[in-house]
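Structure, as structure tokens:
Where a number appears in this text, it was derived from the coordinates with a stated rule and is not lab data. Predicted model only: the values in this text are computed from it and were never measured. Here the Cβ positions follow ideal geometry from the backbone for every residue, glycine too, while neighbour counts run over all protein chains shown.
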Amino acid sequence: MLKHFLRLEWKSFFRSASFRGNLVIKIFMVFGALYFMAVFLGLGIGAFYMIENQGWGDPLVVVNRYMIYYLVGDLYIRYMLQKMPITNIKPLLYLPINKSKIVGYSLGKTVVSFFNWGHAFFFVPFSVVLLVEGYSPIGVIGWHLGMMALFFCNNFINVLVNNKDNVFYMLLGLFSVLGICQYYELFNITTYTSPFFDALYAQPWMALFTWGLLIALATSAFTYFKRHMYLDAGLAGKKSLAKTEDYAWLNRFGNLGTFLKNDIKLIRRNKRSKTAVIMSFFFIFYGLFFFTGAVEAYDGPVWKIFAGIFISGGFLFSFGQFVPSWDSSYYPLMMSQNIRYREYLTSKWYLILLATVASTILASFYLYFGWDAYLAVIVGAIYNIGVNSYLVLWGGAYIKTPIDLTSNKKAFGDKQAFNSKTLLLTLPKLILPLGVYALGHYIISPTAGYIFVGMAGVIGFGFRNKVFAMIESIYKREKYKTLAAYKQKA
Amino acid sequence: MITVQNLTKKYGDAIVLNIESLEIPKGQSFGLVGNNGAGKTTFFSLMLDLIQPTTGHIVNNGVQIDSSEAWKPFTSAFIDETFLIGYLTPEEYFYFIGEIRGRNKADVDQLLEGFEDFFHDEILGQKKYLRDLSKGNQKKVGIVASLIGDPEVIILDEPFANLDPTTQIKLKGIIKELASSKEVTVLVSSHDLIHVTEVCERIVVLNKGELVRDIQTSKETLKELEVFFGG
């Protein structure tokens, strides 16, 4: 039986649409994976000595202190990205296969996922270093096994709470607040949690508890799925209660309003687009790396503009980049309805404009780092509106990847989004403003640098109609190819 | 009036559609029948400029389809679920199409009132997004949406498939009524010979991309078609 399952798995992997890419990208992906493995490995080995050299105390204790955040972060990433095992069950249901076998196999599949063994790249070298540094072998083994069990627990917790958004966001909110409290030394949750992790080392038999928990979670996941293996129960997609919404205040924009209304609904009602918007919110804080001086490599004056572009342009990069793929599932409708490309593009442009302005206002806390920092954000926003907004719409004409709105798969990058044309277009998006700033900064003064970048944005803004006409003609030229590409579901 | 001239569509070496000439006068109810792969959907996709012809062209009311977009205001269609926006409720979808076609909410509501019977209480006010409706109900939404905004040319690909018998009969009534108007040209494709002979004045049979029969519907038509497809 297992043989059949594995053969299906093999075929689904090698025949998947995403695998049939070109060789260069595959090689890039392999290098990317190797890179991350190396980083984790380096972290595993290096963490111990880093903590020791910094004089933060016993490395194991330090790691244990922050372990709770690591675990919660892991759960968060799983929730967003790990695919649920139920997706491929349907065609197996009516075949003469034992239900227990199907469930067992599906859950087993989640166990061997990268989300579990990926952590080994940190924990194995870290444990080895602990042993080398003379920690008690029994204690280290107990700690290691305990941690392992906890991460596998996360695996099954994720399986059980999948699609329970409220629970999940509450948990996320709770831990964000706890994290902030800890930072400002109001309340420290780690004083309550770290003794437990410490105990795993001090009393290695405690690891049995974590394994007990793991077994309990695994069995409950097993029974839960077995009991719910019906099309209208566990296998049913989540159906949300729909509400007809009007947004009448957008009517004053005429046809443009019609599209804006639709785009707002698109963003609010689909998992994938929601993720994009949440991501763009996190972009706002990206500048902290630059202005706090946390990363030395970013200390050059030119990098301020880089930060400014990212802070105000989160939405532009995470959402704008995929126009028109957001509408891929009903692109034939858009192409045969009484719609002019210009209106369609303009509405997307306004959406980007609104989001950029909103991000800039939200980013006003950078004033804390001085006017200079916030000025970089404002100038970045002007450049984003005046130049980058066109560039993403232009690049979009060449990205022909259909987007499955209802799933979060590939939300964090899709290889097809990186073709040579879009790659070329990122140059003016990010490098050009740096160059323009550097020109002003080094030849005249920092203020001139800001003025130069701002001017580039304003000039771009002035050419709006011209640029739109050009983009429109590119979209028209690519129309048939785009339609054909969207037809092939990923 | 729709005119087709030397229209071919090739994928590689395979010719999937080859129509030398075809004229559909204004107001006609036009039926397209043929087996799977006969080229029905290809022809409709060409009519909507969703694919490019290899040679030739279609002219719809004086507008050449692959070179101008001016056919869009008076043409509407429902081909498949890619014409539906999954994350909208049926009401929102109707209003959206209405706004695009220059009809306000009241106009759309008035039109929808006439289809209450057709919807059978399963479409409006259901608190469901289109993606969560059954295939049959999705189809009903798509068909009715294609009638919004008084289009002069209506293209429906396989409108009877996936519908229950009651709805099929109601749909026949709707298409007949449209066909009775001298202003509206209706193009319908179907695998169901009985339905299509009942609602269409003229039936064209496609076979492997070629136009093989062009019949003005009469009492004998059904028999003729059955002989064609049966033999």
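General remarks:
- FRET E, pair A:Trp211, A:Glu343, Förster distance 56 Å, beta-carbon r, rounded to 0.05: 0.40
- With respect to chain A, whose longest principal axis is taken over its alpha-carbon atoms, helix A:2-14 is tilted by about 20°.
- Checked against a 18 Å cut-off, the cross-linked pairs B:Lys140/B:Lys223; B:Lys26/B:Lys223; A:Lys400/A:Lys479 give Cα-Cα distances beyond that limit for B:Lys140/B:Lys223; B:Lys26/B:Lys223.
- Close amide H partners of B:Ala77, meaning residues 5 or more places away or on another chain with modelled amide H under 5 Å apart, are B:Ile155.
- Inter-centroid distance (Cα atoms) of region B:135-208 relative to region A:177-232, Å: 59 Å
- Residues of region A:185-222 with amide N under 16 Å of a point placed 7 Å along Cα→Cβ from A:Leu160: A:209-222
- With the simple spin-label model, which puts each label point 7 Å out from Cα in the Cβ direction, the A:Leu241 to B:Ser218 separation comes to 6.1 nm.
- Fraction of C-alpha pairs exceeding 16 angstrom in region B:179-225: 39 percent, rounded to a whole number.
- Size descriptors for chain B, from the alpha-carbon set: Rg then Dmax equal 17.5, 52 Å.
- With the convex hull drawn around the C-alpha atoms of region A:248-487, the volume per residue stands at 132 Å³.
- Length released on extending from A:Tyr286 to A:Leu186, taking residue separation times 0.36 nm less the Cα-Cα span: 33.5 nm
- Charge dipole of chain A about the Cα centre (unit charges at C-beta), most positive-ward option of A:Ala469, A:Val177, A:Ser312: A:Ala469
- Inter-site label distance for A:Ala469 and A:Ala358 at 7 Å from Cα along Cβ, in nm: 3.3 nm
- Cα centroids of region A:329-356 and region A:447-490: 13 Å apart.
- Dimensionless Rg over Rh [region A:119-169; C-alpha; Kirkwood]: 1.20
- Alpha-carbon radius of gyration plus Dmax, which is the widest Cα pair, for region A:367-407 in Å: 16.0, 43
- In order along region A:96-113, phi translates into HN-Hα couplings of x, 10, 4, 4, 4, 5, 4, 5, x, 5, 5, 5, x, 5, 5, 5, 8, 5 Hz, rounded to whole numbers, per the Karplus curve 6.51 cos²θ - 1.76 cosθ + 1.60 with θ = phi - 60° and x for Gly and Pro.
- 25 °C / 0.890 mPa s Stokes-Einstein diffusion coefficient of region A:21-227, Kirkwood radius on C-alpha pairs, µm²/s: 129 µm²/s
- Burial order of peptide ranges A:311-317, B:94-100 (average beta-carbon count within 10 Å, highest first): A:311-317, B:94-100
- For the segment A:456-464, counting C-beta atoms of other chains within 10 Å of every residue's C-beta and taking the mean gives 0.
- Amide proton proximity set for B:Asn207, modelled H, under 5 Å, gap of 5+: B:Val212
- Residues A:Val177 and A:Val61, FRET efficiency given R0 of 22 Å [Cβ-Cβ distance, rounded to 0.05]: 0.35
- Applied to region B:52-58, the Karplus parametrisation 6.51 cos²θ - 1.76 cosθ + 1.60 on θ = phi - 60° returns per-residue 3J(HN,Hα) values of 9, x, 6, 9, x, 7, 10 Hz, with x for Gly and Pro.
- Cα pair distances in region A:45-146, grouped into 10 Å bins until the bin that holds the longest one, percent each: 12, 33, 25, 16, 10, 3, 0
- Across peptide B:78-91, the average count of Cβ atoms from other chains found within 10 Å of a residue's Cβ is 6.
- Spherically averaged projected area in nm², based on the convex hull that wraps the Cα atoms of chain A: 27.5 nm²
- Taking amide H atoms as placed 1.01 Å from N in the peptide plane, the amide H of B:Ser29 lies under 5 Å from those of B:Val186, B:Glu201, B:Arg202, each 5 or more residues away in sequence or on another chain.
- Cβ crowding within 10 Å ranks B:Val153, A:Val453 as B:Val153, A:Val453, fewest other Cβ atoms first.
- Shielding by partners, peptide B:67-75 (average Cβ within 10 angstrom, other chains): 2
- Each label point was placed 7 Å from the Cα along the Cα-to-Cβ direction; for A:Leu95 and A:Leu256 their separation is 5.5 nm.
- Candidate cross-link partners of A:Lys304 among the aspartates and glutamates, defined by an alpha-carbon separation under 19 Å and a same-chain spacing of 8 or more, comprise A:Glu296, A:Asp372.
- Note on B:Lys128: aspartates and glutamates with a C-alpha under 18 Å away, same-chain residues under 8 apart excluded, are A:Asp232, A:Glu245, A:Asp246, B:Glu81, B:Glu91, B:Glu92, B:Glu116.
- Using alpha-carbon coordinates, inclination of helix A:371-383 to the longest axis of chain A, degrees: 70 degrees
- FRET efficiency for B:Asp150 and A:Phe28, using Cβ-Cβ distance with R0 set to 56 Å, rounded to 0.05: 0.60
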